[in-house]
Amino acid sequence: MNEKDIKKLLEAVRNKEMDINQAMKALEDLPFKDLGFAKIDNHREIRVGYPEVIYCAGKTTEQVKNIVAFMLTKNNNILGTRADEAMYLAVKEICPEVHYNPLGRTLTIRKKEECLTDSYIAIVSAGTSDLPVVEEAAETAALLGNRVEKIVDVGVAGIHRLFSKLDMIRGAKVVIVIAGMEGALASVIGGLVDKPVIAVPTSVGYGANFGGVSALLSMLNSCASGVSVVNIDNGFGAAYNASIINKL
């Protein structure tokens, strides 16, 4: 439930289209619903503009299914990240229209059609191995109502590939840069664009990459002033922040 939904509810009571008991019933799950194993934050969209997202990793398949079952009663768009195929099949039993992105490991259910922004988010990745994080970011940004342009496999080992896409990257309102290994792509793009760059280090790389720590440190030490950094493999977090920027 968001501010628009609450205003409609109050107007319906004022116009005698709904009685007070019906309105109270609609509001009874605010600010959260206690499922025993989880407390669903039904107040979050009112506070921050976006509904709660399900982080599926660490949850059982049945827990994910039960969370989705409750969230479906609110008729909101639903996003689950880090979901496996078993979770997808379980959710599909109660919601046939659920979409699963196996590469990005996301579950998406669209109950409301969002008007896409005129401006767009560019998601740029260094290599094909970074695509799981690209897909998580793209699914998140799209469900939050953003136009998305993906530019993939343009890392510094073949930097001429990047230059052929510079016009598209520069046309974005915000740029997400996803890279593993040494993470140099974020600094390169940060020095070429006048838009905020959100860098995502990935765990892609050989042993000295330390599971993404080397890329994380490179991005944090970037001398390109417009670069900010999220956690390793956190495509969701990057897209969430990019969405806020894109809608300012």
When you go through (1) within 18 Å of GLY80 (Cβ to Cβ); (2) crowded, with 21+ Cβ neighbours inside 10 Å; (3) more than 14 Å from the chain's Cα centre (by Cα) one by one for LYS111, which number turns out not to apply? (2)
Looking at segment 82-130 only, could you name the residues that are more than 20 Å from GLU52 (Cα to Cα) and among the polar types (S, T, N, Q)? THR117, SER119, SER125, THR128, SER129
Of the conditions (1) aliphatic (A, V, I, L, M); (2) touching a Pro at 6+ places or on another chain (Cβ under 7 Å); (3) more than 19 Å from VAL134 (Cα to Cα), ILE232 fails just one. Which one is it? (3)
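Could you go through segment 160-167 and let me know if any residue there is part of a helix (DSSP H, G or I) and under 25 Å from ARG110 (Cβ atoms).
Of the residues in segment 160-167, the ones part of a helix (DSSP H, G or I) are 160-163, 166-167.
With under 25 Å from ARG110 (Cβ atoms) added as a condition, the list becomes none.
No, segment 160-167 has no match at all.
Which members of segment 228-248 meet the condition of being under 15 Å from ALA215 (Cα atoms) and either among the charged types (D, E, K, R) or within 13 Å of the chain's Cα centre (by Cα) (or both)? Quick ask: steps written out before the conclusion?
Within segment 228-248, the subset under 15 Å from ALA215 (Cα atoms) is 228-235.
Result: VAL230, ASP233, ASN234, GLY235.
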Of the candidates ALA215, ALA172, the one satisfying the condition of being in contact with a Ser or Thr (Cβ under 8 Å, 6 or more places away or on another chain), modelled with pLDDT of 95 or more and assigned to a loop (DSSP other than H, G, I, E, B) is ALA172
Those helices (runs of 4 or more DSSP H) lying entirely in segment 30-123 with at least 1 residues over 23 Å from ALA199 (Cα atoms) and at pLDDT 95 or above: 61-72, 85-94
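The values are calculated or read from the model by the stated rules, or taken from the named source; none is laboratory data. Because the structure is predicted, anything quoted here is derived from the model rather than measured. Cβ sites come from the backbone with ideal geometry, for glycine too, and all protein chains shown count toward neighbours.
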